[in-house]
Each structure stands twice: as C-alpha cells, then as structure tokens.
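A quick write-up on the structure given underneath.
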Ligand code: PHE
C-alpha cells in the first residue's frame, strides 16, 4: 500500500515526460533501447551527454546563482530598498554551511533511491522538478517559507547531482567507450562551470540590484529550463541508468520504509525546531552536523577497511582514498568560503566600483568558473605532458598540491585583510588572485578525485564510493559555514586569526598526507617482496 501511493505520486510528476517521450519517439518511427549506431554519437561522444550537459548546466546555474545570494540575503539589513533577514554573521554563515553540507550529504540517500527504486534517469527528473519548486518557493517574498525553499533544493539536489554524474559514466560503459569516459567527465565539468557563470551573473545582478526574490526566481527559471530540456532530450540517454540496479522487492520495500522514516524524522525535527519546542542555534546545529558527518565517514572507512573482506591491495587503496577524502574535505572547507566569508569580504571591504558602476557582489565569484573553463584544458595538457615523460605526480602529491594552493590563497587573503585594516577597503584584485589560486587547486584535486574514486574503489562498492566523494564536499561545506562564522564574527579583526588557523590546519593535513602516503608505499613494497 505504502509502495503504491509513493509510486503514484512520482508517476504523476513523471507523466508529462512520458507523454512527450511517447509522442516524439513514436512519431519518429520508434526508439530502440541499446541502439548503438553512429547516430548515437555526437562529436565522438555519446549523444546522451548533450542531455546531461544542459540539465547539469541549468541545475548548477540555479545552485550557484542562489548560493551567491544566500549569505547576502540572510545578513542583509531589515530595511532599505532590498530588505534581507538581518541575521548575525555567525547565524547566517552557519545556516549557509548546513545548507551546503545537506545538499551534498543528501547525494548519498539520493544514490540509494536511484540504485534501488527509481533508476538514475527518473531520479534526475524528480530531483530537477523538486529543485525548481524549491527556488520557486524562495522566489515568493515571504520569509516564513525560506527554510521550506532551502529544504526542497536540498532534497532535489540529493536526487539529481550524484545520479546525473553516474549516468555520465553509464553512457560510456553502455557504448563500450570507457576509454573516453574521463574526457566525458571533463566536458561535463565544463557544463557545471558554464552554468555557474550564468548563475552568478544573472541571479547575482537581479538579486542584488532588483530584489533578492527576483534572483531566486531567476534560479527557478533556470532550473525549469533544465527540466524542459531534460524531458525533451531524455530519449538520447537510451537505457543508461534507466532501470534500478536492484529488482529485489524486499530491498525496495525496506528502502521505501527507510526513506519514509527518514522523511518523517526530518519533518518532526524541523517541526520541533520551527515551533520552538526545541531550540538550538544554527551554529550548534552546524557543529553537531559536522561531527555527525565525520562519524558517518569514519564508520564507513573503518567498515570498508576491516570488515568488507577486502584483499590487502584493495585495503591499501582504501587508505589512499581516505587521504584523498581528508584532503578534499579540507579543500572544500576553503573553497566554499566564496559564498560565505569571502562573499562578505567582497561586500564590505572591497571596492567594487568600476567607472561609476557598482558591480554586484556576487559577480566577484564568477572568476572561479571562468578560470576553470580557461585553465582546465591547460591543466589536462600539463598532466598529459608530465605523464608522457613519466613525471606525473602521484595521487597524494596532487592532493597535497590542491591543499597547498588553497592555503596559499588564504595567505593572499591575510595580506588583503591587513591592507583593509589600514585603508578600509581594498581593490578587487586580492579576491581575484585568491580565486585564481583556489581554481588551480580545484583543477589539481577535483578531477583526479573523481577518477580516483571510480578507479580505486572495490568493484562491488563503486556506487557508494561516489557518495563518499560527495560526503567530503558535505563536510567541507559545513566546516565552511563554521569557519566563515568565526572569520566574520567581528569583521576584519576576526578574519586574520581564522584564516591563519586555516592555513595551519592545511599545513598539518598536508604533512599528514605526505607521511601516510609514504607509510602506505612502504606497506606495499613490504607486501610485494
Ligand atoms: N564546481 C563543482 C560543482 O559544483 C564543485 C564540486 C566538485 C562540488 C565536486 C562537489 C563535488 O560540481
């Protein structure tokens, strides 16, 4: 009974897509699953990549467009032409961190649901619709529904973000084109950055110059365009991620029960918080959430290492992934400051006046995706050049490289903060250099992260390991909210100690990674002799 009604709800959402699909495909003389002819290729890649490209582009447009405005809106004054929520930095940054953390954490249950219940294609569709609803709710200028909007975006992104990345891989597997899969992910990464560029520019301008809710509304329009293009071109995906992996009714039933349980639990929690029966500050919530996520990751790694029945060689790879996990979580905790503390630094301490035009604060962030688009091919060529000469740095060296660049970027911020302490505001170049270094770090760590997780994870755990990769982003996100709150608590004065602390923890992590990588290598040579 529970299953029937749950399924029906989603069938209704899905009906429109099926009707279109039927109309279009039947009139074109029918579409066969598994049809692997040349006509399935576009510029040497599976045609379905086009579908995923545009869906992800619009999803990231909406995500980053809204994320850019979030902290500005929450900390914006209660009066004036564009009133915000008037929250303190500590509160707003914590909510921002919880939001980013939840977005990526929900990728894990989103993956289970796709694997066992919906199949990845439908999960992406439902996710896109729910995200669009979330942004629509935020577009309504009522503060009481703010958290509802955020919650919908969180749930929808959980269904979409991981599963769409999985379909990318499946497209190549289905067509026997595994050798091109990395190139496929690179193209996909481009769509992410083109989307976020549009988001920062459009939502940033509308949100700041016209009204916050117009910015959120633009994000909704973007996601709706994504929904329409996904429905229109979904047939190009063929059967990649069409069916769930598991057909076991028992598994499905348990999963539905678990999801309903989780949902009721979350609703009850939200109800208790909103009604004021339980009061917990956003900051305390963020800290507990960070512990929770770390515990989940720790338990998972311990389980994999000790209890998953892995061969010594596989165990060694798990340790390597653990190093990557720690490096990635630390890296994203700095990276996500762009929407948090650095966003406020841009607003309050940076001169954004260009020839009489005050550029929107959010626009400063667009430097990251633009630099990704410019530098990604150069980085790829550079790694290939090194690989040809057998000079390709090992994975751990690259992780450390990413963390090092992040530390360096906050070193630049320390200089900017000390200048701002003397003169009140600084030029935008300081943030631009900071974002450039972070982007180089991203290009060092992020692409190999994804491929390391898909290559190094034990076969039967591949799907879940993908979730683990996003869990690192979740931890990074929530830490970003906590650190961002510390940094902005008393303006410029609190920035220096927090950024210094971050640089120190990056140094500790870098040294630990190098030490452990060395120990793992030793283990390997001992095992192999
Ligand atoms: N810009 C990337 C994205 O939004 C950053 C990221 C990488 C986030 C990996 C999560 C995981 O996809």
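Exposure proxy ranking for 62, 196, 451, 259, based on other Cβ atoms within 10 angstrom of each Cβ and starting from the fewest, stands as 451, 259, 196, 62.
Each of 293, 78, 432 has some number of other Cβ atoms within 10 Å of its Cβ, and from fewest to most they run 78, 432, 293. By the helix-only formula, in which each DSSP H run with n ≥ 4 contributes -39500 (n - 2.57) and the sum is divided by residues, the chain has a 222 nm mean residue ellipticity of -26500 deg cm²/dmol. Going by a ≥ b ≥ c, the root eigenvalues of the Cα gyration tensor, does segment 246-396 fall in the rounded group (a/c under 1.5), the prolate group (a/b larger than b/c) or the oblate group? Verdict is oblate for segment 246-396. Stretched out straight at 0.36 nm per residue, the stretch from residue 245 to residue 521 would grow longer than its current Cα-Cα span by 95.8 nm. Taking a ≥ b ≥ c as the square roots of the Cα gyration tensor eigenvalues, with a/c under 1.5 meaning rounded and otherwise prolate when a/b beats b/c, else oblate, which class fits segment 183-243? Oblate.
Here residue 375 and residue 451 are evaluated by their C-beta separation; at R0 = 30 Å the FRET efficiency comes out at 0.95. Quick one: grab the alpha carbon gyration tensor of segment 290-371, order the square roots of its eigenvalues as a ≥ b ≥ c, and give me rounded if a/c is under 1.5, else prolate or oblate depending on whether a/b is larger than b/c. Prolate, since a/c reaches 1.5 and a/b exceeds b/c.
Distance between the C-alpha centres of segment 101-159 and segment 273-304: 20 Å, rounded to the whole angstrom. Counting every other Cβ atom within 10 Å of each residue's Cβ, 173, 442, 144 order from fewest to most as 144, 173, 442.
In a fully extended conformation the segment linking residue 267 and residue 140 would gain 43.6 nm over its present Cα-Cα distance, using 0.36 nm per residue.
Calculation over all alpha carbon pairs of segment 31-182 in 5 angstrom steps from 0 returns a P(r) of 2, 9, 16, 18, 16, 12, 9, 7, 5, 3, 2, 1, 0 percent. With semi-axes defined as the square roots of five times the eigenvalues of the C-alpha gyration tensor, the equivalent ellipsoid of the chain measures 34, 30, 24 Å, largest first.
Read the figures in this text as sums done on the coordinates, not as results from a lab. Computed from a predicted model, the values in this text were never measured in an experiment. No Cβ is skipped: glycine too gets one built from the backbone with ideal geometry, and neighbour counts run over all protein chains shown.
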